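> What follows is a structure written as structure tokens; I'll ask about it next.
None of the figures in this text is laboratory data; all of them are computed from the coordinates on show. Everything numeric here is computed off the predicted structure, so don't read it as measured data. Here Cβ is always computed from backbone atoms with ideal geometry, including for glycine, and neighbour counts include all displayed protein chains.
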Amino acid sequence: MQINQSHLLIDSCCMLNLCSSGQLLSILPLIPAKAAIVQEVKQELQKIENAIDFETAITKGLLLTVDFESEAEEEAFVNYAAYLDDGEAATGAIAINRGWAMATDEKKATKFFTQESSSLQIISTLEIIKHWSEVANIEQLTLNYVLNQIRVKGHYIPPRNHPLRSWWETVIEKQENQ
């Protein structure tokens, strides 16, 4: 996974999946950009029981919290919020205006922001997890456990057309067949 920008803004669904993995604190330092969330995402995550470790990640400096810095960002947020939830809208508004990458698993947000900005790099949970597993040389059993935690606690299964769906299935099936 290559990120061409200095920062990766992670939206609520993707951050919830990373928290659900139980490995957030080991994943964030291996992302090849500075990981960040917007205020709206932080507020959403504080209400979710499964979203553990993200406060620790902020305290340890592994995860930045950012807010609007310009009228252009605020205006984009208002426009995007007509189509998306607040966390996705704020994440996209700031990422586009600052030239940062964005992490989301929401199909609607991905489609919307792909149309909104051809230069916005969009990363998924699976890209982050696969990168982490390769860089940290995570053993198969642990990786299987992490993906199952994301499936169960994060309620996430990649769509059939996701480029890493077969990788996901292979990891899960290998362990089930052993």
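> With just the Cα atoms defining each centre, how far is the range 24-102 from the range 6-23? Give it in Å.
The two parts, judged by their Cα centres, are 9 Å apart.
> Another question, then. Take the Cα of VAL78, step 7 Å along the line toward its Cβ, and report every residue of the range 94-130 whose backbone nitrogen sits under 19 Å from that point.
94-98
> Still on this structure: Taking Cα pairs under 8 Å and at least six residues apart, what relative contact order does the range 7-125 come out at, in percent?
Relative contact order of the range 7-125: 32 percent.
> How far apart, in nm, are the 7 Å Cα→Cβ label points at GLN2 and GLU134?
Taking the simple label geometry, GLN2 and GLU134 are separated by 1.1 nm.
> At 222 nm, what helix-only mean residue ellipticity would the chain give, in deg cm²/dmol to the nearest 500, using -39500 (n - 2.57) for each DSSP H run of four or more?
Value at 222 nm, helices only: -16000 deg cm²/dmol.
> For the chain, just the Cα atoms, rotate onto the principal axes and tell me the three extents in Å, largest first.
55, 35, 29
> Sticking with this one: Going by how many other Cβ atoms sit within 10 Å of their own, how do HIS162, HIS7, HIS155 line up, fewest first?
HIS155, HIS162, HIS7
> Count the lysine pairs in the chain whose Cα atoms lie under 17 Å apart, taking only pairs 8 or more positions apart in sequence or on different chains.
Value for the chain: 5.
> For the range 85-178, which trypsin sites (Lys or Arg not before Pro) pass both filters: DSSP loop (anything but H, G, I, E, B) and at most 11 other C-beta atoms within 10 Å?
Those satisfying the criteria are ARG160.
> Then there is this: Could you please report the charge total around ILE96, scoring K, R as +1 and D, E as -1 over all other residues with beta-carbon less than 9 angstrom from its beta-carbon?
Net of charged neighbours comes to -1.
> Work from the charge dipole of the chain (Cβ charges, +1 for Lys and Arg, -1 for Asp and Glu, about the Cα centre) and give the residue of SER12, ALA103, ASN148 farthest towards its positive end.
Farthest towards the positive end: ASN148.
> Could you compute the longest span of the chain free of GluC sites (Glu not before Pro) located in DSSP loops and having at most 11 other Cβ atoms within 10 Å, not counting the site residues?
For GluC sites (Glu not before Pro) (loop position, at most 11 other Cβ atoms within 10 Å), the longest site-free span of the chain is 70-138.
> Please name whichever of ASN79, LEU25, THR56 sits farthest to the positive end of the charge dipole of the range 7-125, dipole taken about the Cα centre and charges placed at Cβ: Lys and Arg +1, Asp and Glu -1.
Of the candidates, LEU25 comes out farthest on the positive side.
> Placing unit charges on C-beta atoms (Lys and Arg positive, Asp and Glu negative, everything else neutral), compute the dipole magnitude of the chain about its Cα centre in debye, rounded to 20.
620
> Considering just Cα atoms, how many Å³ per residue does the convex hull of the range 116-177 enclose?
Looking at the range 116-177, the number lands at 102 Å³ per residue.
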